[in-house]
Amino acid sequence: MKLLEPLDVNGMRLPNRVIVPAMVTRLSGEDGYVNGDIIDRYARYAEGHVGLIVVEATAIHRSKSGPLLRLSEDAFVPGHRELVKRVHDASDSKVVPQIIHFMKIARSGWRQTIEMLDQADIDAIIADFGTAAARAREAGYDGVELHSAHAYTLSSFLSRHNKRRDAYTGKTLEGRLKMFGQVMTEVRRQVGHDWPVGVRFLAEEAIKDGYALPDSKRIALRMAQMGADYISLSVGGKFEDAVPKPGHPVYPYTGYSGDRCMPGAWYPDLPHAHLAAGIKQYINAKGYDVPVVSIGKINDPREAETLLREGKADLIGMARQLLADPDWPRKVAEGRPDEILHCIYCNVCKQLDENFKKVTCFLWPKNNLQAPADLAGTAHPTWPAAGAGLGADIIDGQIKLTWNRADGDGIIGYDVYRAEDGEPETDCIEAVKSAKYTDRLVLGGLTYRYYVRAFDAQGRASPPSNGITVEMPMPDFEPSLPDGAIEHA
Ligand SMILES: Cc1cc2nc3c(=O)[nH]c(=O)nc-3n(C[C@H](O)[C@H](O)[C@H](O)COP(=O)(O)O)c2cc1C
């Protein structure tokens, strides 16, 4: 599988094409030091053989902002060194921190914007990026990633909402790119060219009058020209459309662009794959083969493999899926894809982050701070002697499914599979914790076939339940026939 092939990134040999993009854990204290829980979180990804582990956004400056890691002083280096050691001891996974600068923000709703920065402020930010990157190298990281996405400082310079009218003017693409260029130059000056420097930026801002692919493919080209060693993409996550909550600092993932950044269960799979594909095609055509990371609701190994094979991405980024099950790459490599605990995109992790609470996964056993261990080879859940007893009722335009609880230790939920109107393939449409599910996305006149599978905390599933087929009655109206259909008397 291409997914399992190694990739060389400026001397950093990734053992496979799977990357966990940065995800704030809220496991650090307000002091910003690496602690045991943080180390356990990242070592767990290494145990699962994630090719590249990107450590959560790590501040380069001293402003307070709740629990967030820091690399703003030398005193933080030993903790990071310990983290890197634990990751490297666990497997051949590679690990880089994502370094971030963000501006001030107040509970009153006030927030600092890039238009308020004078040249001395800008110079200080550039210098801070350089020294933080140098500290990352000193700590033994395999490289560093510059956070140039979402609502933060570098991204705000790249934005179409950049209202500066000096050398960093938002009126031209070159003006918008100037700050990133200066940061990249300073980072290279401090860490050299023989060490990977990746970047994360927005393929689409997903706000009114924000930029989209026509800008982002050119931004990516310049990043490649400036020597970025990989380009990781994201979407949205902006202040411009954030929903204010009185008495709280505004959180940039509460509006539509926040939905696009962490698309929930109601989005289709792979909503952003076309953006990575467009950017990769553009920069490749200009002669740059800088690896491009695709992200956004990717969790099926077959879909991930297809993206790589069709040349739509070089690396597969999975944030919430790898949080749910860090053993995903190992299970794929060992031919156990059926044992993957699938993310249900419920966004409980996102809500925990928003409320500065320790980020865990809803699917883990209650009170677990880390993903449960992979217990390969132990018994899978089974159905009771009476069978699964899957049944269905049509009530008020919805199909209500109920079934018997499965047998086995540590059962934490049930995957619901559905095929519409005789489709040969079933899709897993939902994962639920109790033995019932109501399907509200059904259309009168169509036929639905269902089965369910129980799963435990290790992602091991029971055999499929009995199948059940439900015909949804057409509501009371005169349907017009599809084009070409002949009405028989
Ligand atoms: C709890 C949480 C924290 C996140 N923190 C960061 C972060 O520190 N830096 C970043 O660039 N993206 C962050 N993201 C965005 C993810 O890296 C990723 O782009 C997003 O979840 C979409 O990918 P997915 O569909 O695979 O989850 C975070 C997402 C979540 C759910």
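Each value in this text was obtained by applying a stated rule to the coordinates, not by laboratory testing. Everything numeric in this text was worked out from a predicted model, so none of it was measured. FYI the Cβ positions are ideal-geometry reconstructions off the backbone, even for glycines, and counts take in every protein chain you see.
Table for the structure above
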quantity	calculated
Eligible lysines near LYS358 by straight Cα distance, threshold 19 Å, same-chain separation 8 or greater	LYS64, LYS350, LYS366
Nearest-ten-degree value, helix 77-90 long axis tilted from longest Cα axis of the chain	40 degrees
Cβ-based charge dipole, the chain, positive-most Cα from PHE76, LEU270, LEU315	PHE76
At R0 = 45 Å, FRET efficiency that the Cβ-Cβ distance of ASP166 and ASN355 yields, to 0.05	0.75
Residue-averaged 222 nm ellipticity for the chain, from DSSP H runs of 4+ at -39500 (n - 2.57), nearest 500	-8000 deg cm²/dmol
Gyration tensor verdict on segment 36-127 (Cα atoms; rounded if a/c is under 1.5, prolate if a/b is larger than b/c, oblate otherwise)	prolate
Stokes-Einstein D (µm²/s) once Rh is taken as the Kirkwood radius of the chain over alpha-carbon pairs, at 25 °C in 0.890 mPa s	103 µm²/s
Lys, Arg +1 and Asp, Glu -1 on Cβ, resulting dipole of the chain about Cα centre, debye, nearest 20	1560 debye
Rg in Å to one decimal, and Dmax rounded to a whole Å, for segment 391-471 via C-alpha atoms	12.6, 41
Alpha-carbon centroid distance for the pair segment 100-175 / segment 54-83, whole angstrom	17 Å
Under the Debye formula (equal points on every Cα, no solvent term), log10 I(q)/I(0) of segment 135-218 at q = 0.15 Å⁻¹	-0.58
Sorted peptide list for 213-226, 10-23, criterion being average Cβ within 10 angstrom, highest first	10-23, 213-226
Pairwise FRET efficiency - LYS104 versus GLU334, Cβ, R0 = 45 Å, nearest 0.05	0.40
Which of LYS280, LYS433, LYS312, LYS366 has the fewest Cβ neighbours within 10 Å, and the rest in rising order	LYS366, LYS433, LYS312, LYS280
Relative packing of 378-385, 95-102, which averages over residues the other C-beta atoms within 10 Å, highest first	95-102, 378-385
Fewest-first sequence of VAL54, VAL416, VAL348 by Cβ atoms within 10 Å of each Cβ	VAL348, VAL416, VAL54
Relative packing of 447-457, 109-119, 336-346, which averages over residues the other C-beta atoms within 10 Å, highest first	447-457, 336-346, 109-119
Charge-dipole axis of the chain as Lys and Arg at +1 and Asp and Glu at -1 on Cβ define it, positive-most pick from VAL442, TRP328, ILE122	ILE122
Full-stretch length increase - ASN35, LEU4 - with 0.36 nm per residue and alpha-carbon distance subtracted	8.0 nm
HN-Hα J in Hz across segment 104-111 - Karplus 6.51, -1.76, 1.60, θ = phi - 60°, x for Gly and Pro	6, 8, 10, 4, 5, x, 5, 9
